[in-house]
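Asker: Here it is, the structure in full.
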Amino acid sequence: MDPLLALHQQVGQLEGKISAAHSRLDRHESVVQRDLTEIKSDLKTVMAFMNTSKGWGAGALFVSGIVGTIAGIIMSMLLR
């Protein structure tokens with residue numbers, strides 16, 4: 001067999017393997033991109049909930065500060 005022909009066949013086989021590997025990588029890449037899109041969507045929901053919770057927490061802290069101030073004023077009036 002001609003060495004050049006054998007080399008050409010081996011190169012053809014390697015190109016086929018490389019093409020198959022590229023197609024597998026493309027499939028995996030599309031799966032990862034789809035998963036990242038889903039994660040990003042889920043994170044938006046979680047972040048919206050966290051922002052709402054931070055608002056409620058700030059409101060509760062504000063109200064507790066007011067109640068504490070009123071209680072302090074009442075206690076100082078009673079203890080005079």
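Bear in mind these aren't lab numbers, they're just calculated from the coordinates by the rules spelled out. None of these values were measured; they are calculated from a predicted model. Heads up, the Cβs are rebuilt from the backbone with ideal geometry, glycines too, and the neighbour counts pull from every protein chain shown.
Asker: About the Cα centre, and with charges only on the beta carbon of Lys, Arg (+1) and Asp, Glu (-1), how big is the dipole of the chain? Nearest 20 debye, please.
Answerer: Numbers: 8 positive and 7 negative charges, 132 e Å.
That gives a dipole near 640 debye.
Asker: Assuming R0 = 41 Å, can you tell me the calculated FRET efficiency for the pair Thr52 and Lys17, based on Cβ-Cβ distance, to the nearest 0.05? Please list the in-between numbers first.
Answerer: On the way: r = 53 Å, r/R0 = 1.29.
It comes out at approximately 0.20.
Asker: Something else now. What is the angle, in °, between the Cα long axis of helix 3-78 and the longest principal axis of the Cα atoms in the chain? Nearest 10 is fine, range 0 to 90.
Answerer: Long axis of 3-78 versus the principal axis of the chain: about 0 degrees.
Asker: Fully extended, how many nm does the chain gain between Met75 and Asp26 (0.36 nm per residue separation, minus their Cα-Cα distance)?
Answerer: That pair, Met75 and Asp26, stretches by 10.5 nm at full extension.
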